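So the structure is just underneath, and the comments pick up after that.
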Amino acid sequence: MGSELVGVLGVGYVGLTTAACFASLGHRVVAVDVDQSKVDELGRGVVSIGEPGLDDMVRAGLAAGRLRFTTELRALADAGTVLLCLPTPMGEGGVADLGALSSALGELAPILRPGCVLVTKSTVPVGTAERIPGLLGRTDVPVVSNPEFLREGHAVHDFLHPDRIVLGSADPDARDRVRALYASLDAPVVVTGTASAELAKYASNAFLALRLSYVNVLAELCENLGADVTDVTATMGLDPRIGADFLAPGPGWGGSCLPKDTSALACIAAESGVDFALLRAAVDANAHQRERIVRKVRRAAGGSLAGARIGLLGLAFKAGTDDLRHSPALEIARELARRGAVLTGYDPGVPPSARVDPVHLVDDPVLVAKDAAAIVLLTEWPEFRDLDWAQLAEVADRRAVVDTRNLLDPDQLTGQGFSYTPLGR
Ligand code: UDX
């Protein structure tokens with residue numbers, strides 16, 4: 001296995017995971033990125049992304065001579081397959097910004113060897129694969145859409161144990177060559193056209209967002225009706241048509257994918273003449289969720305946020321990552337600060353040296369509680385359950401906790417004299 005060189009363009013979290021995992025499967029991989037310092041670090045086996053197992057895998061790939069990093073695009077000249085793992089951030093009006101992809105294609109055009117298979121791995125608007133030959137100015141480079149479905153914090157696991165591998169192409173031979181890269185993985189393969197593959201990625205992420213917005217509104221409804229959202233979602237989840245995952249209410253969905261992919265899909269739909277009102281409603285419900293949390297915090301803090309010291313537990317968009325991009329926790333923090341709150345925050349994944357305006361970061365949860373008018377749990381780090389809540393109660397100004405993840409034990413907190421505000425109960 002692995003005689004043909006696999007090229008990976010872009011070593012963000014998708015590209016690096018892809019490169020390291022393919023090397024671990026026995027392929028020879030060269031990964032190219034414009035960022036010289038990142039390439040140098042990776043060449044020394046230093047991985048700055050907090051992704052479990054990734055650093056060991058990179059070091060093993062380097063040691064085995066199967067993985068190398070370079071800034072030289074020419075290194076892709078020998079590749080039989082090149083996977084495009086470039087960022088496609090949210091651009092103006094919510095559409096995906098394809099700037100990085102277009103300029104990379106311009107530079108790749110004179111380099112790729114005839115017959116090299118170009119694979120779009122990062123999320124791209126529907127129709128991109130079809131447009132690539134035109135952008136490249138070449139028809140001898142077949143394109144396969146092979147979207148990634150990697151969750152942050154589980155990326156290596158998700159790559160090696162995929163729920164599905166999607167291969168979209170008009171060229172069966174190119175598709176089979178990409179399929180061969182995954183031959184040692186046991187997963188259903190969906191063979192389709194490029195548009196379906198590209199849409200399947202957006203459709204999956206947007207559906208997850210819809211589902212979470214539904215649950216968050218349900219939580220609000222539970223509060224008004226005297227129901228308990230945990231019992232309601234447990235009941236729903238036992239129906240195999242619904243399933244138990246992705247039913248936990250929270251401060252709103254965020255991260256590097258769900259917000260940009262919902263916006264992009266709404267734009268794609270509108271451009272094609274479809275009004276995806278359902279999707280827009282999910283985005284609106286997500287914004288509403290943040291306002292709702294701010295109201296809860298204001299109430300818990302005694303009715304006013306002006307000058308109130310608020311302690312924040314968790315800032316990352318979810319537990320198990322240090323990623324603050326589109327973090328609902330940070331968006332809520334900004335909203336609290338806008339209303340005059342003074343914020344102290346602690347996140348086990350984010351070093352206190354990081355600058356997270358408007359939050360003053362500390363390295364000890366007790367400092368978050370110190371003189372606080374309310375403590376707000378925003379990210380579901382399990383270790384927050386085991387905090388010394390008696391000590392936090394001692395230093396807090398008001399004993400008030402808002403738990404936006406329903407993570408904590410209400411009895412334990414009320415036992416320490418805290419007022420406890422969960423979601424949907
Ligand atoms: C997501 C998709 O899951 C993944 O398949 C895709 O390829 C990339 O985008 P990720 O961004 O890592 O992965 O986050 P995910 O674990 O999906 O969580 C997204 C958001 O939903 C987070 O803000 C999280 O806190 C929230 N969430 C998730 C909930 O509020 N409740 C849940 O039950 C699950």
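The values are calculated or read from the model by the stated rules, or taken from the named source; none is laboratory data. Everything quoted here is computed from the prediction, not taken from an experiment. Cβ placement follows ideal geometry from the backbone for every residue including glycine, while neighbour counts extend to all protein chains displayed. We work out accessible area using only protein heavy atoms, side chains counted, and drop any ligands, DNA or RNA first. Shrake-Rupley method; radii C 1.70, N 1.55, O 1.52, S 1.80 Å.
Structure summary
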{"read-out": "Residue check for L199: open to solvent by 70 Å² or more (accessible area, probe 1.4 Å) and touching a residue at least 60 places away in the same chain (Cβ under 8 Å)", "value": "yes"}
{"read-out": "S256 being open to solvent by less than 50 Å² (accessible area, probe 1.4 Å) and touching a strand residue (DSSP E or B) at 6+ places or on another chain (Cβ under 6 Å)", "value": "no"}
{"read-out": "Residue selected from segment 251-275 under the condition over 23 Å from the mean Cα position of the chain (by Cα) and part of a loop (DSSP other than H, G, I, E, B), by the criterion farthest from the ligand (Cβ to nearest atom)", "value": "G273"}
{"read-out": "From the options A129, A60, residue that is crowded, with 17+ Cβ neighbours inside 10 Å and part of a helix (DSSP H, G or I)", "value": "A129"}
{"read-out": "Residue in segment 300-310 that is of a type in the set (S, T, N, Q) and either over 30 Å from P352 (Cβ atoms) or surrounded by fewer than 18 Cβ atoms within 10 Å (Cβ to Cβ) (or both) present", "value": "yes"}
{"read-out": "Near pairs, Cβ below 9 angstrom, 6+ apart or cross-chain, from segment 56-80 (closer than 15 Å to D33 by Cβ) to any residue that is open to solvent by 90 Å² or more (accessible area, probe 1.4 Å) and in a helix (DSSP H, G or I)", "value": "T71/Q36; L73/E107"}
{"read-out": "Some residue of segment 358-377 being open to solvent by less than 70 Å² (accessible area, probe 1.4 Å), within 16 Å of the ligand (Cβ to nearest atom) and closer than 26 Å to N224 by Cα", "value": "yes"}
{"read-out": "Number of the exception - A248 against (1) aliphatic (A, V, I, L, M); (2) within 10 Å of the ligand (Cβ to nearest atom); (3) closer than 15 Å to G94 by Cα", "value": "(3)"}
{"read-out": "Condition met for A183 (closer than 29 Å to K296 by Cα, over 23 Å from the mean Cα position of the chain (by Cα) and not in a helix (DSSP H, G or I))", "value": "no"}
{"read-out": "Residue match in segment 225-239 (condition: among the polar types (S, T, N, Q), surrounded by fewer than 16 Cβ atoms within 10 Å (Cβ to Cβ) and free of Cβ contacts under 8 Å to residues at least 24 places away in the same chain)", "value": "yes"}
{"read-out": "Candidate set: segment 1-48, residues that are out of contact with any Gly (no Cβ under 8 Å at 6 or more places or on another chain), without any contact (Cβ under 8 Å) to a residue 60 or more places away in the chain and not in a helix (DSSP H, G or I); chosen: the one surrounded by the most Cβ atoms within 10 Å (Cβ to Cβ)", "value": "V47"}
{"read-out": "Near pairs, Cβ below 8 angstrom, 6+ apart or cross-chain, from segment 252-267 (β-branched (V, I, T)) to any residue that is near the ligand (Cβ under 9 Å from one of its atoms) and in a helix (DSSP H, G or I)", "value": "T262/N205; T262/A209"}
{"read-out": "Which listed residue, of A219, A206, A200, is within 14 Å of the ligand (Cβ to nearest atom), closer than 25 Å to A19 by Cα and in a helix (DSSP H, G or I)", "value": "A200"}
{"read-out": "Members of segment 222-234 found to be assigned to a loop (DSSP other than H, G, I, E, B) and either touching a helix residue (DSSP H, G or I) at 6+ places or on another chain (Cβ under 9 Å) or within 15 Å of the ligand (Cβ to nearest atom) (or both), listed by number", "value": "A227, D228"}
{"read-out": "Options E92, E72; residue that is within 27 Å of the chain's Cα centre (by Cα), farther than 25 Å from V156 by Cα, open to solvent by 40 Å² or more (accessible area, probe 1.4 Å) and charged (D, E, K, R)", "value": "E92"}
